[in-house]
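Remarks on the structure that follows.
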Amino acid sequence: MQFPAALGLTVATIASANVVGHLVLPDSDIAVGAAMVGGLTVVARASDLGADDLGLARRTWGSGLRWGGVAAAIVAAGYGLAAAVPAVRDAAAGGTETWSSALLKALVVIPLATVIPEEFAFRGVLWGLLRRESGRRVATAVSSALFGLWHVLPAFGGGAANESVTGVVGDGTVGVVLRVAGTVLFTGLAGVLFCELRARSGSLLAPVLLHWAVNGLGELFVLVT
C-alpha cells in the first residue's frame, strides 16, 4: 500500500474509533480499542511495516523496559511526593471507588482500553509510517499533534480531571474553550515525550509503561490520598 493511502486509512481508523468510543458506544472502551488495533494491524501489514517500524522487535524489549521503567518510576515518585503535600492530597481526596474497582480499572481497563490502543496507534503505526516517509521529527510532530486532537472529545466529557479544570476556568463557553485548548496542548506535549521515549529506546514498551504509570497510578493515587 502506498504511503498516502496508508496514512489516510490510519488517520481515518483512529478518528472513527474516537467518535465511536465517545459518542456511539461510550461504554465499550475495550471493544473499540481492540477494533482499532485490529484495523491498524491490517493497515500496517498492507504497508509492509515490520516489527522494527512498530517498535515491537524482540531485540528492543530490554531497552524498552529500561527506559519505560525509569520513566514510570519517576511518575510514581512524583505521585508519592504529591501525596505528601496537604493541599494536593485534599484536592485529590473524595474518590468513591473501592480498591477492587480501582485495581480493575488500573490493571485491566486502562491498559486495554487506553494505553495499548493509543500507543499502538500513535507511536506504533502512525509514527512508523511517518518516520519511514519523512523522518523522525516530522513523525513526532504530526503524531503528537493528532494525539492532542484525539483528546478533544474527552475534554468535553465529565470525570475528575475535567471537573477540576472547570472549577478553575468555569463552565461557560470561554471556560470550555480554555479547557479543551489546554487539554489538547498538554496531551500534544505528552505525545512528544512518548515519541522521544519510543525513538530513544527503539521500543513501544517504553511509552506504554510511561503512559500506564501516568493513568494507572493516577487512578490509585486518588484512593491513597
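The values are calculated or read from the model by the stated rules, or taken from the named source; none is laboratory data. Fair warning: this is a prediction, and the values are worked out from it, not measured in the lab. Every residue, glycine as well, gets a Cβ built from its backbone with ideal geometry; the counts of neighbours run over all protein chains shown.
Checking each residue in the stretch 53-88 for being aliphatic (A, V, I, L, M) and within 29 Å of ALA139 (Cα to Cα) picks out LEU54, LEU56, ALA57, LEU65, VAL70, ALA71, ALA72, ALA73, ILE74, VAL75, ALA76. Do we have LEU130 as at pLDDT 95 or above, farther than 26 Å from VAL24 by Cβ and among the aliphatic types (A, V, I, L, M) here? So LEU130 fits the description; yes.
Each residue in the stretch 109-139 was checked for being of a type in the set (A, V, I, L, M), farther than 12 Å from LEU7 by Cα and in contact (Cβ under 8 Å) with a residue 60 or more places away in the chain, and 6 of them qualify.
Condition check for LYS105 on (1) modelled with pLDDT of 95 or more; (2) in contact with a helix residue (DSSP H, G or I) (Cβ under 6 Å, 6 or more places away or on another chain): one failure, at (1).
Yes/no per residue for (1) free of Cβ contacts under 8 Å to residues at least 60 places away in the same chain; (2) in contact with a strand residue (DSSP E or B) (Cβ under 9 Å, 6 or more places away or on another chain); (3) under 24 Å from LEU193 (Cα atoms):
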{"position": "GLN2", "(1), (2), (3)": "yes, no, no"}
{"position": "GLY8", "(1), (2), (3)": "yes, no, no"}
{"position": "VAL11", "(1), (2), (3)": "no, no, yes"}
{"position": "ALA17", "(1), (2), (3)": "no, no, yes"}
{"position": "GLY33", "(1), (2), (3)": "no, no, yes"}
{"position": "GLY39", "(1), (2), (3)": "yes, no, no"}
{"position": "ALA72", "(1), (2), (3)": "no, no, yes"}
{"position": "ALA77", "(1), (2), (3)": "yes, no, yes"}
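Residues that are at pLDDT below 90 and either hydroxyl-bearing (Ser, Thr, Tyr) or in contact with a strand residue (DSSP E or B) (Cβ under 8 Å, 6 or more places away or on another chain) (or both) number at least 1 in the following helices (runs of 4 or more DSSP H) confined to the stretch 135-200: 160-169. Residues of the stretch 19-31 that are over 16 Å from ILE116 (Cα atoms) and either of a type in the set (D, E, K, R) or touching a residue at least 40 places away in the same chain (Cβ under 8 Å) (or both): VAL19, HIS22, LEU23, ASP27. The single condition among (1) over 17 Å from THR187 (Cα atoms); (2) surrounded by 20 or more Cβ atoms within 10 Å (Cβ to Cβ) that PHE122 does not satisfy is (1).
From the list ALA57, ALA72, ALA17, ALA35, exactly one residue is within 16 Å of the chain's Cα centre (by Cα) and over 29 Å from LEU223 (Cα atoms). Which is it? Explain how you work it out, then say what you get.
Working: ALA57 fails: within 16 Å of the chain's Cα centre (by Cα); ALA72 fails: over 29 Å from LEU223 (Cα atoms); ALA35 fails: within 16 Å of the chain's Cα centre (by Cα).
Among ALA57, ALA72, ALA17, ALA35, only ALA17 is within 16 Å of the chain's Cα centre (by Cα) and over 29 Å from LEU223 (Cα atoms).
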